[in-house]
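Below is one structure, written out as structure tokens; the observations come after it.
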Amino acid sequence: MTFRQTGYLLVQSLLRTLRAFVLSVFGIAVGVSVLAFFLAMSLGMQKRVLHRIFPTDRIEVIPPKASVQDTGALGALGAISALVGGQKTLSKDVIETLRAHKDVEAVFPRLRVAFPVRGWGGERLVGRPIYTDLPIDGIDPAAVSEKTTPWEFKDYENAKNPFCTEDKNCPQGFFCSWDKNQCEPPVPVLISPTLLEFYNGSFARMYGLPRITGFLVNQLRGLLATAELGRSFVSRREAGRARQRKLVLVGVSDRAQTFGLTVPLAYVQRWNAEYAGEKAATEFSSLTVQVKPGRSATGVVETVRKLGFAIEDNGAEQAGLAVLLITALFVLTALSTLAVATLNVAHTFFRAIAERRHELGVMRAVGASRWDVLRLLLAESAVMGFVGGVIGVLVARLVALGIDRMSRSALPDFPFKPDSYFWFSGELVVGLVGFSMLLCVLGAAWPARNAARLSPAEALTAR
Amino acid sequence: MTETDERDCILVKKLSKRYGTATGDPEVLRGVDLTVRRGEMLCLMGRSGSGKSTLLHIVGGLDREYEGSVSFFGEDFSRLSDQALANLRNQHIGFVFQAFHLLSHVSCLDNVLLPNAFSLSPLPQKEAKERARGALERVGLADKQKSRPGELSGGQKQRVAIARALFFHPQVLLCDEPTGNLDDVTGQQIIDLFSELHREGLTLVLVTHEPRVASATTRVVMLKNGRIAQDSETNDLPKTEPLVSHTATADETER
């Protein structure tokens, strides 16, 4: 039987049993739409919200936190070993070991500023300067893939920088560092999207400040502030000689620390060496390990633990698990709907085949083999599944669009509020339609098999 | 291949058939031996339940549950796969049933085209349609190509069924009570059509209750209790006696 002939017989047959077809398709479409809705929401929440807050393709390695109180006997052993053999530190050797791991794409060291820093600025943003202590860390510029403006994210300190006594001696955009009488570009600074989200979702609303999104983010680049190294507004602790450095915001990157400023690693290494000693410049605070695309972080985590280090618990695991559990619950509900729909398909086919016994007998009489009959009936069920699947996905998509629209217009802004809570990926759509077809074929398999096994004579003489 | 006379078309040997599996089930056919010769127009007659329709189904390859042997132009049915037997039905055997068995949801032309849909070597669509139109023309229904079976009279439906049976120019036409659902005039037209096909060389096997159908054939085989009670050329039969007593209505379906 050719494809074209099968198609023709199929369409004619489905049109004839339109009512039963529509009812079965309705059941399948309801099940698929519920399944599509919750799966797309789960994917959307993971992709558009969770992955923004807790990127899953990277892990943050930190020094071990073993203590008697926290981790019992093993922790006690760790603590004793730390006292005897010294605390394990994140050195260059550890970086090389992790870089050699087969699932690791790259390893980027981070180093926190180990002394007080305070700063002020932000007039362009809020109309008056903001005074605050600044949590700063440094990261390898190679970790940052985003384009930065107006300055590149790199170390600009250089002994060959021109001499100056005040800013006006320096070229446009450069500032005079008075402690060493050199013109230098401001220290490039990155902030995290999370910080921006919290500013927009909480801070801006609380103080009636403008939200920073899209165009304004670009306007924000080039925003200048002043950092005073070795001094604090909140603590009396002082370190070394107070020095001022100009900071310039060059971009927003998820490589930046969540709450604070991130500058090129070399600045922090120099500053730590000067204000907190050489050890503070060489022992990294943490390592960002980027996992290769499509690879699992599990193996890397195991290696990290074997090396005696810990993984920073950012809550991603718990949040992911919560989403997974909720999704599983709804998916189970959808699957039970689909199971009922599949039984309905089976029932439809049992009834349709009983009604069409003579017709199937005639087909056998004029040359249809058992396989032809089986194929024809299964093709009918596959078409049923396809139509039900497509309608189900479309309905889910429409409901999702409605919810997204309502969210945009009716819900207030909150941190990480996404434009859409759903992610209807191509794989999901194809998978759902395929699943729907599979269910219908499975539902029709038993009645179709029975029909195919019937002898033509039995089919023709059935009352 | 079974050894046969080259004139033999269908060869049935020691054919027995019992419905169901219980030992108490009635035996419908009991050791039937029958040879249908090429170009013959054979009539199977008998009371209801005598096994004539069952015999027709078996020699047409519609029923494989039997004892004994059936061969068609030397091909033993028991040695053919389901696909091979389906192909044999498709290419070499035409069926006409009492209840017409047309697909009600497609046009007459598509009904006639149905064998092509299941052929292992289907004709190209254009050629197949030409042939189907020719077959409809042959049975006098050239103007009914697009009509649905529901729009036709009983006689017209049976003609469409005959056109469908003739699509692949079969070697044998098997007809089960072909006039059973038709009035006398229409029934006679169908008999005339069969006679015409017979004159053109087609082998026909007809199951019937009707003497006038039997009188149009060349040979009458009478079945009684699953056995052949009489096998004679039509010319040998007395013209005045009914060939079979009517104990069942024409539309009664037999096993």
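Brief remarks on what is shown
- Taking the stretch A:337-367 as the range and being without any contact (Cβ under 8 Å) to a residue 24 or more places away in the chain and of a type in the set (Val, Ile, Thr) as the test, only A:Val366 passes.
- Criterion applied to A:Thr97, A:Thr165, A:Thr149 was being among the β-branched types (Val, Ile, Thr), within 26 Å of A:Ala281 (Cβ to Cβ) and either open to solvent by 30 Å² or more (accessible area, probe 1.4 Å) or under 27 Å from the mean Cα position of the chain (by Cα) (or both), and the one residue passing it is A:Thr97.
- Close pairs from the stretch A:224-247: first without any contact (Cβ under 8 Å) to a residue 40 or more places away in the chain, partner open to solvent by 10 Å² or more (accessible area, probe 1.4 Å) and not in a loop (DSSP other than H, G, I, E, B), Cβ under 6 Å, at least 6 apart: A:Ala242/A:Glu228
- Residue that is small (Gly, Ala, Ser), more than 16 Å from A:Arg449 (Cα to Cα) and either more than 14 Å from chain B (Cβ to nearest Cβ) or within 25 Å of the chain's Cα centre (by Cα) (or both), where the choices are A:Ala341, A:Ala365: A:Ala341
- Taking the criterion of being open to solvent by less than 10 Å² (accessible area, probe 1.4 Å), closer than 19 Å to A:Ala368 by Cβ and either more than 8 Å from every other protein chain (Cβ to nearest Cβ) or not in a loop (DSSP other than H, G, I, E, B) (or both), the residues of the stretch B:62-89 that qualify are B:Phe72, B:Phe77, B:Leu85, B:Ala86, B:Arg89.
- Selection within the stretch B:33-56 - within 13 Å of the chain's Cα centre (by Cα) and within 14 Å of chain A (Cβ to nearest Cβ): B:Lys52, B:Ser53, B:Thr54, B:Leu55, B:Leu56
- Across the stretch A:3-17, the qualifying residues are those that are among the β-branched types (Val, Ile, Thr) and touching a residue at least 40 places away in the same chain (Cβ under 8 Å), and the one among them that is most open to solvent (accessible area, probe 1.4 Å) is A:Thr17.
- Residue check for A:Thr327: polar (S, T, N, Q), more than 14 Å from chain B (Cβ to nearest Cβ) and surrounded by 17 or more Cβ atoms within 10 Å (Cβ to Cβ): yes
- Single match in B:Ser121, B:Ser107 (criterion: of a type in the set (Ser, Thr, Tyr) and at the interface with another protein chain (Cβ under 10 Å from one of its Cβ atoms)): B:Ser107
- Subset of the stretch A:18-40 that is surrounded by fewer than 21 Cβ atoms within 10 Å (Cβ to Cβ) and of a type in the set (A, V, I, L, M) - its residue that is nearest to the other protein chains (Cβ to nearest Cβ): A:Leu18
- Count - residues of the stretch B:90-103 that are closer than 20 Å to A:Asp372 by Cα and not in a helix (DSSP H, G or I): 6
- Only listed residue being out of contact with any Cys (no Cβ under 6 Å at 6 or more places or on another chain), within 14 Å of chain B (Cβ to nearest Cβ) and of a type in the set (A, V, I, L, M), chosen from A:Ala448, A:Ala459: A:Ala459
- Among residues of the stretch A:130-189, those that are assigned to a loop (DSSP other than H, G, I, E, B) and of a type in the set (Val, Ile, Thr), counted: 4
- Residue match in the stretch A:432-444 (condition: β-branched (Val, Ile, Thr) and over 30 Å from B:Gly61 (Cα atoms)): yes
- Unique residue being within 21 Å of the chain's Cα centre (by Cα), surrounded by 17 or more Cβ atoms within 10 Å (Cβ to Cβ) and in a helix (DSSP H, G or I) when the list is A:Val387, A:Val429, A:Val433, A:Val393: A:Val429
- Just one of the listed residues (A:Leu224, A:Leu216, A:Leu195, A:Leu229) is touching a Pro at 6+ places or on another chain (Cβ under 9 Å) and crowded, with 17+ Cβ neighbours inside 10 Å, namely A:Leu229.
- For the condition more than 25 Å from A:Leu216 (Cα to Cα), buried (at least 19 other Cβ atoms within 10 Å of the Cβ) and more than 31 Å from the chain's Cα centre (by Cα), A:Val117 qualifies.
- Tally of residues being in a loop (DSSP other than H, G, I, E, B) and either touching a Phe, Trp or Tyr at 6+ places or on another chain (Cβ under 6 Å) or surrounded by 17 or more Cβ atoms within 10 Å (Cβ to Cβ) (or both) across the stretch B:130-149: 3
- Yes/no for B:Ala84 being without any contact (Cβ under 8 Å) to a residue 24 or more places away in the chain, of a type in the set (Gly, Ala, Ser) and over 15 Å from A:Gly361 (Cβ atoms): yes
- Residue list for the stretch A:153-162, restricted to those being open to solvent by less than 50 Å² (accessible area, probe 1.4 Å) and free of Cβ contacts under 8 Å to residues at least 40 places away in the same chain: A:Tyr156, A:Asn161
- Options A:Glu359, A:Glu355; residue that is within 30 Å of B:His92 (Cβ to Cβ) and either at pLDDT below 90 or more than 34 Å from the chain's Cα centre (by Cα) (or both): A:Glu359
- Single residue of the stretch A:247-281 satisfying the filter (under 30 Å from the mean Cα position of the chain (by Cα) and among the polar types (S, T, N, Q)) that is surrounded by the most Cβ atoms within 10 Å (Cβ to Cβ): A:Thr262
The values are calculated or read from the model by the stated rules, or taken from the named source; none is laboratory data. Since the structure is predicted, the reported quantities are computational estimates derived from the model, not experimental observations. A quick note on method: Cβ atoms are made from the backbone with ideal geometry, for glycine too, and the neighbour counts reach across all protein chains shown. To get the accessible areas, we keep the full protein, side chains included, count just its heavy atoms, and leave off ligands, DNA and RNA. Shrake-Rupley method; radii C 1.70, N 1.55, O 1.52, S 1.80 Å.
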